[in-house]
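This report refers to the structure that appears directly beneath it.
The values are calculated or read from the model by the stated rules, or taken from the named source; none is laboratory data. Predicted, not measured: the structure shown is a model, and the values here were computed from it. All Cβ positions, glycine included, derive from the backbone under ideal geometry; neighbour counts span all protein chains shown. Calculation scope for accessible area: heavy atoms of the full protein, side chains included, ligands and nucleic acids excluded. Shrake-Rupley method; radii C 1.70, N 1.55, O 1.52, S 1.80 Å.
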Amino acid sequence: MPLTEMTPAAAARTPRAARKAASGLKITLKPFERIEIGALTLINGWTESSTFSIEGIAPVLRQANTIREDLADTSLRRVYLCLQKLYLQRDGATLDGYRTAAERLLADMPAAAATVAKADEAIAANRLYAALKAYRDLLDETDAGWSAQADNPAPIKHGDRETTLRVEFVRDRRRYRASPARVAAGESVSPKLGMTTLSGAH
């Protein structure tokens, strides 16, 4: 069972040797790409791709397979967001909340009945990732713009300020640098590393 589908209940039923084999995951993140690991969010704050090793059993979702709350503006997107929070075991996520969202989806989009039934079957078997995949397939078919955020760098917070990071290739094509807009906003670029810093940052 892939790490992304492993749940605590499933882990308890899995032989120790199999759990050991499934407990490590190496993943490469693009510059400023984010990944959700259970209740935590990991962002690659480097200006180059970085490889991380995740050890242990935890639900994992890459940025391309997630939806932000501010983009969950349709009933289908809201159902996906609800199930995404359930899968990641986020605070406040409940099965009742998902069911309410699914009922609204069926009222708005009766054609989604087969997907809801497939997802419910997966949820009953404690396979939340498979349920997410069912809704993701429907989103891909009916809502081409839902994953527009997939290639957007994740914003990084500096105290109370949130900065949306953008990068572009420099001449040697192996490094990145800040866009001109960021430099104009008061950030400096390190020519040696191809990375950016905030003015006045320590």
>> I need every pair where a residue in the range 53-82 that is free of Cβ contacts under 8 Å to residues at least 12 places away in the same chain and within 25 Å of Asp120 (Cβ to Cβ) has its Cβ under 8 Å from the Cβ of a residue that is open to solvent by 10 Å² or more (accessible area, probe 1.4 Å) and outside any strand (DSSP E or B), sequence separation at least 6 or different chains.
In response: Ala72/Arg78; Ala72/Leu81
>> Among the residues that make up the range 60-70, is at least one of them at pLDDT 95 or above and farther than 18 Å from Leu128 by Cβ?
In response: no
>> With the requirement that a residue be open to solvent by 30 Å² or more (accessible area, probe 1.4 Å), modelled with pLDDT of 90 or more and either assigned to a loop (DSSP other than H, G, I, E, B) or of a type in the set (Lys, Arg) (or both), what does the range 38-47 give you?
In response: Ala39
